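Written below as structure tokens is the structure these notes are about.
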Amino acid sequence: MTMIRFNDKQEAEFQRLVSRYPEGKQKSALLPVLHLAQDSFGGWLSSEVMDYVADRLSIKPIEVYEVATFYTMYNLKPIGKYLFEVCQTGPCMLRGSDDIIAYIGEKLGIKPGQTTEDGMFTLKTVECLGACGYAPMMQLGKFYREHLTKEKVDQIIEECRRNAAANN
Amino acid sequence: MGRKLLLEKAHVEGIRTYEVYRREGGYRSVEKALKSMSPDAIVEEVKKSGLRGRGGAGFPTGMKWSFLAKPEGVPRYLVCNADESEPGTFKDRYLMEFIPHLLIEGMIVSSFALGSNRSYIYIRGEYAWITDILEQAIEEAKANGWLGKNILGSGYDLELYVQRGAGAYICGEETALIESLEGKRGNPRIKPPFPAIKGLWDCPTVVNNVETIAAVVPIVNDGGEEYAKIGAGKSTGTKLISACGNINKPGVYEIDMTISVEEFIYSDEYCGGIANGKRLKACIPGGSSVPILPANLLLKTAKGETRYMNYESLSDGGFATGSMMGSGGFIVLDEDQCVVKNTYTLARFYRHESCGQCSPCREGTGWMEKILLNIEQGRGKMSDIDLLWDIQRKIEGNTICPLGDAAAWPVAAAIRHFRDEFEWHVNNPDECTKRNYGLAHYADPIYVPA
Amino acid sequence: MSEQLLKVTIDNITVEVPAGTTILQAARKIGGDVAPPAMCYYSKLQGSGGKCRTCLVEVSKGSEKDPRPMPKLVASCRTTIMDGMEVKNITSDRVLDARKGVVEFLLINHPLDCPVCDQAGECHLQDLSYEHGAAGTRYEFQRRTFKKHDLGDYIQLHMTRCILCYRCVFTADQLTKTREHGVLDRGDHAEIATFIEKNLQNDFIGNVIDVCPVGALTDKTFRFKNRVWFTKPVDAHRDCDTCCGEVQLWMRGHEVFRVTARKDEWGEVKESTKGGTGWICNTCRFEKKQVSDWEIEGPTKVNRHSVISQGHYVGLQKPEETMPKVMDGRSPKLLMDIHSVSEVNKPNIELSKLDRPAHSTDFNQ
Ligand SMILES: Cc1cc2nc3c(=O)[nH]c(=O)nc-3n(C[C@H](O)[C@H](O)[C@H](O)COP(=O)(O)O)c2cc1C
Ligand code: SF4
Ligand code: SF4
Ligand code: FES
Ligand code: FES
């Protein structure tokens with residue numbers, strides 16, 4: 001197990017984040033720092049990572065756990081290399097999100113909440129992401145994939161596989 | 001063609017960059033404000049403009065600003081609410097994504113008016129790439145002297161930061177947003193005290209929606225009176241509407257609040273009619289928490305008058321026969337859509353987003369979701385419909401924050417206007433899993449453009 | 001400077017209270033049924049209240065200056081009075097209706113395991129449901145369940161019974177030196193954190209048991225898990241370096257079954273007679289179970305929040321459990337079977353797994 005520690009670049013970002021608040025209010029950086037930690041340490045927040053964040057912000061671990069469990073974007077379990085977060089709320093449902101979710105599930109052989117055996121894909125249903133006019137949609141990494149169709153889903157899965165292969 | 005104040009330049013090539021934005025007249029309001037206006041004079045202009053908060057509640061912005069406490073030696077803060085998570089709403093994203101400097105400019109002028117030297121834009125965590133766009137814009141503004149110390153030699157200092165949330169609709173509620181910005185769980189605070197007295201880090205704070213802040217730019221540039229000339233009655237200025245659902249042209253439109261709902265849905269300038277040649281069944285005109293209206297009550301009020309896209313007209317008839325402008329999230333359902341299912345997904349949304357602090361919302365939202373799912377899947381009983389009604393009634397008004405109301409209203413309105421559809425689900429348990437309630441008697445007459 | 005007193009009328013009774021007093025405190029001053037029930041507010045815990053919504057009242061007149069009524073019901077525990085304010089509690093149908101709703105909400109996911117719950121007889125939720133609940137449940141779904149957590153040797157957590165009043169969080173935060181306890185997750189999955197065991201180095205953590213309005217946090221050292229109404233409370237004290245040392249012993253014969261802080265008529269820990277707070281330390285609570293550890297003062301004067309208040313059971317040796325009698329002739333309005341005459345609790349039965357009321361046969365395994 002490697003030691004949990006920000007590398008230089010991450011450390012610089014950490015310093016930038018905590019500098020944005022008045023003296024003594026560094027706890028306010030908790031949400032952004034958790035994002036940074038999640039991106040830095042494998043896409044999820046283990047309790048070691050959370051303890052590290054608590055230590056860096058000089059707060060109690062419980063203050064980190066309380067927050068990390070409240071917000072849906074923090075993963076408390078390891079996830080697949082590619083996380084498909086498909087919106088299922090009203091406006092997306094009206095435009096056929098149910099079919100898209102079913103299709104992705106079928107294609108990858110998993111149900112929402114599950115990860116493929118090769119650890120490549122995780123499928124998750126989420127609530128409105130603010131892209132209702134471009135429905136159906138999903139979030140993949142930092143970006144949104146909108147106006148989804150089955151063909152587009154096929155392309156996205158292909159693209160992920162290609163990228164994964166290229167990175168190995 | 002209505003007048004555009006916010007999005008007029010949104011499609012100018014390269015407007016996202018400082019150079020183009022400035023060339024197109026950007027940051028004039030900052031020059032005007034810092035060189036020739038006092039903070040109070042700006043507040044006065046905003047009052048005159050009649051601008052109402054664009055985040056959902058429609059509270060007069062000028063009045064809100066004048067409530068801000070100003071104790072000696074205590075900093076004040078302006079926080080921009082860019083949490084935008086109400087289903088059906090995606091207008092702020094559009095503004096920030098395409099014309100980010102407009103928000104930065106609005107933040108500078110508004111911060112100056114309120115005396116904030118450190119302001120934040122709290123953006124929903126999922127808008128990660130927009131965070132980058134905004135931070136880039138802030139960098140540019142700073143590099144060009146619009147932010148930082150002694151801006152334009154006026155002696156006014158301002159730092160502006162973007163804070164990302166991490167997935168919680170409730171953080172759009174202003175006190176939950178403040179808690180979240182302080183690095184805590186997004187539990188709404190018990191009010192009073194209100195943020196204007198005790199907000200961020202217990203200091204006086206104003207929280208305003210993205211669109212509200214952006215609207216301050218034309219108000220300062222042209223004067224509050226000019227702004228108030230646009231629109232109708234107490235619905236002054238322009239409003240961004242994000243239209244979605246079963247329409248031909250989903251997207252964000254800046255409207256002058258004098259157009260009719262009918263024009264908005266059917267004209268090619270806006271939604272372009274119902275998709276796939278279908279007919280209009282119902283619409284949720286102001287974001288998922290406002291009451292759904294059947295087509296007949298949407299296009300015309302109960303009195304038979306034309307309904308317009310503004311605060312007063314959309315709420316005409318109260319909750320019995322009207323709805324609300326809300327956040328401007330305009331969700332259209334065509335004749336094939338199932339109101340029970342739609343209501344179920346919304347109930348699921350509110351259960352998912354309840355912070356869990358107060359019992360009616362924590363327990364009631366989950367209960368409603370379960371009953372709605374049963375009805376939707378043909379396992380419901382007739383008495384469930386009355387039970388649902390009673391549950392929503394016991395949540396509404398009895399919670400800490402308005403999320404309880406927001407969860408109750410859609411259920412109430414769906415039962416109020418579409419009870420027969422709920423009953424059909426109960427009476428046809430086998431059929432309702434295979435097809436949607438197809439009676440088109442809510443649907444409008446097929447629209448024939450004049 | 002003499003303190004200015006403000007007038008407030010609650011259910012047609014007028015009292016004068018200092019500025020800054022909440023409606024709830026003013027109502028408690030009047031006492032009796034005029035005082036709204038409070039499941040989350042705890043006067044000795046800063047920041048508590050506002051959450052459970054059982055204390056909602058109607059403000060029919062805002063103040064002398066601004067007589068407009070408040071449109072919504074307000075949480076009396078967090079609303080301060082204004083001069084000339086008029087409040088309706090039990091005289092308002094709206095309030096009673098809303099309160100009935102709140103009680104129902106609190107109960108839909110609450111396990112109906114009162115027959116095996118240590119808190120039975122001194123549970124505020126039980127009181128509340130008798131006083132304000134409806135007959136029968138309209139909730140037809142599986143009750144919420146949680147993973148079981150072991151908090152160590154002293155404190156027992158039954159998360160299914162928790163009503164998320166946050167009192168234990170405030171207690172751990174305000175009474176102990178380091179904060180280890182909080183609420184995790186959100187919405188209907190929110191649960192109190194289970195890091196309390198770390199907190200056990202904290203001398204005062206045991207007080208979470210006393211503040212918990214339901215049986216979610218109970219005393220694992222409560223010997224034989226006796227139903228409270230078979231034990232007899234006596235006031236006692238000892239010299240303690242850590243706390244005031246003033247406690248209530250829950251005894252049967254000459255055995256000490258349980259030690260708690262002394263409580264007032266609102267179910268809150270009393271001030272110490274020496275002045276200062278009445279919170280007790282872990283040593284007094286968990287370790288001192290011999291009569292010889294204590295100096296006994298005499299039987300506790302009991303309060304309305306206890307079944308013992310009826311007096312039937314003081315000094316009683318032989319169990320005879322009949323709830324209606326204990327409840328002053330009232331029958332339970334809830335659809336639950338409280339009649340299992342079991343002298344010894346069986347806390348290992350996971351009643352929340354049942355999706356119907358528990359029957360005595362469920363305990364006979
Ligand atoms: C549950 C809930 C969610 C909200 N979400 C948002 C939101 O995403 N964006 C927003 O601007 N206002 C939201 N609001 C309204 C804010 O509380 C607040 O009224 C608003 O930011 C004030 O700004 P305005 O006066 O400019 O509209 C929400 C309110 C509630 C109760
Ligand atoms: S109404 Fe819902 S979201 Fe608002 S404070 Fe209560 S539980 Fe939280
Ligand atoms: S465990 Fe008890 S004191 Fe703690 S929140 Fe739950 S009900 Fe309240
Ligand atoms: S409903 Fe899917 S993005 Fe809004
Ligand atoms: S006691 Fe007032 S809300 Fe709980």
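The values are calculated or read from the model by the stated rules, or taken from the named source; none is laboratory data. Here the structure is a predicted model, which means the values were calculated and not measured. With ideal geometry, Cβ positions are generated from the backbone for all residues, glycine too; neighbour counts draw on all protein chains shown. Each accessible area value is taken on the protein alone, full model and side chains, heavy atoms only, with ligands, DNA and RNA left out. Shrake-Rupley method; radii C 1.70, N 1.55, O 1.52, S 1.80 Å.
Pick out the one residue from B:Leu280, B:Leu314, B:Leu293, B:Leu299 that is more than 13 Å from chain A (Cβ to nearest Cβ), touching an Asp or Glu at 6+ places or on another chain (Cβ under 6 Å) and hydrophobic (A, V, I, L, M, F, W, C).
One residue alone meets the criteria, B:Leu299.
Would you be able to say whether some residue in region A:96-106 is more than 10 Å from every other protein chain (Cβ to nearest Cβ), open to solvent by 30 Å² or more (accessible area, probe 1.4 Å) and in contact (Cβ under 8 Å) with a residue 60 or more places away in the chain?
No, every residue in region A:96-106 fails to be more than 10 Å from every other protein chain (Cβ to nearest Cβ), open to solvent by 30 Å² or more (accessible area, probe 1.4 Å) and in contact (Cβ under 8 Å) with a residue 60 or more places away in the chain.
Would you check if B:Thr365 is away from ligand 4 (no atom under 16 Å from the Cβ) and open to solvent by less than 10 Å² (accessible area, probe 1.4 Å)?
yes
Since B:Arg362 meets every condition but one in (1) within 11 Å of chain C (Cβ to nearest Cβ); (2) free of Cβ contacts under 8 Å to residues at least 12 places away in the same chain; (3) farther than 26 Å from B:Asn398 by Cβ, which condition does it not meet?
(3)
Please go through region C:107-125 and give me each residue that is in a helix (DSSP H, G or I) and open to solvent by less than 10 Å² (accessible area, probe 1.4 Å), ordered by number. Give the derivation first.
Our first condition is that a residue be in a helix (DSSP H, G or I); within region C:107-125, this holds for C:107-108, C:114-116, C:124-125.
Once the filter is applied, which keeps residues that are in a helix (DSSP H, G or I) and open to solvent by less than 10 Å² (accessible area, probe 1.4 Å), region C:107-125 yields C:Ile108, C:Pro115, C:Val116, C:Leu125.
What is the one condition in (1) more than 16 Å from ligand 3 (Cβ to nearest atom); (2) touching a Gly at 6+ places or on another chain (Cβ under 7 Å); (3) in contact (Cβ under 8 Å) with a residue 12 or more places away in the chain; (4) open to solvent by 10 Å² or more (accessible area, probe 1.4 Å) that B:Cys355 does not satisfy?
(1)
Six or more apart or on different chains, Cβ under 6 Å: which pairs go from a residue in region A:19-32 that's buried (at least 18 other Cβ atoms within 10 Å of the Cβ) to one that's of a type in the set (D, E, K, R) and at pLDDT below 95? Could you list them?
none
Given the structure, is C:Val17 surrounded by fewer than 24 Cβ atoms within 10 Å (Cβ to Cβ) and within 24 Å of the chain's Cα centre (by Cα)?
Details: surrounded by fewer than 24 Cβ atoms within 10 Å (Cβ to Cβ): yes; within 24 Å of the chain's Cα centre (by Cα): no.
So C:Val17 fails the test.
Among the residues of region C:78-105, how many are within 25 Å of C:Ile163 (Cα to Cα), within 14 Å of chain B (Cβ to nearest Cβ) and either open to solvent by less than 10 Å² (accessible area, probe 1.4 Å) or within 16 Å of ligand 4 (Cβ to nearest atom) (or both)?
The number of residues fulfilling the criteria is 7.
Determine if region B:419-431 includes at least one residue that is among the aliphatic types (A, V, I, L, M) and touching a Gly at 6+ places or on another chain (Cβ under 8 Å).
Yes, there is a match, as at least one residue in region B:419-431 is among the aliphatic types (A, V, I, L, M) and touching a Gly at 6+ places or on another chain (Cβ under 8 Å).
Can you tell me which of (1) open to solvent by 10 Å² or more (accessible area, probe 1.4 Å); (2) facing chain C (nearest Cβ under 10 Å); (3) in a helix (DSSP H, G or I) is the one B:Trp389 doesn't meet?
Failed condition: (2).
How many residues does region C:151-180 contain that are away from ligand 5 (no atom under 16 Å from the Cβ), in contact (Cβ under 8 Å) with a residue 40 or more places away in the chain, part of a loop (DSSP other than H, G, I, E, B) and more than 16 Å from C:Phe286 (Cβ to Cβ)?
The qualifying residues number 1.
Take B:Asp256 and tell me if it is touching a residue at least 24 places away in the same chain (Cβ under 8 Å), open to solvent by 10 Å² or more (accessible area, probe 1.4 Å) and either within 14 Å of another protein chain (Cβ to nearest Cβ) or acidic (Asp, Glu) (or both). Lay out the reasoning, then the answer.
Details: touching a residue at least 24 places away in the same chain (Cβ under 8 Å): yes; open to solvent by 10 Å² or more (accessible area, probe 1.4 Å): yes; either within 14 Å of another protein chain (Cβ to nearest Cβ) or acidic (Asp, Glu) (or both): yes.
For B:Asp256, the condition - touching a residue at least 24 places away in the same chain (Cβ under 8 Å), open to solvent by 10 Å² or more (accessible area, probe 1.4 Å) and either within 14 Å of another protein chain (Cβ to nearest Cβ) or acidic (Asp, Glu) (or both) - is met.
When you scan region B:35-47, do you find a residue that is open to solvent by 50 Å² or more (accessible area, probe 1.4 Å) and either within 17 Å of B:Ala214 (Cβ to Cβ) or assigned to a loop (DSSP other than H, G, I, E, B) (or both), even just one?
So far as region B:35-47 goes, yes, one or more of its residues are open to solvent by 50 Å² or more (accessible area, probe 1.4 Å) and either within 17 Å of B:Ala214 (Cβ to Cβ) or assigned to a loop (DSSP other than H, G, I, E, B) (or both).
Can you name the number of the only condition in (1) part of a helix (DSSP H, G or I); (2) buried (at least 20 other Cβ atoms within 10 Å of the Cβ); (3) in contact with a helix residue (DSSP H, G or I) (Cβ under 6 Å, 6 or more places away or on another chain) that A:Val86 fails?
Answer for A:Val86: the failing condition is (1).
Quick one: B:Leu134 ticks every box in (1) free of Cβ contacts under 8 Å to residues at least 60 places away in the same chain; (2) of a type in the set (A, V, I, L, M); (3) within 13 Å of another protein chain (Cβ to nearest Cβ) bar one, so which box is it?
(3)
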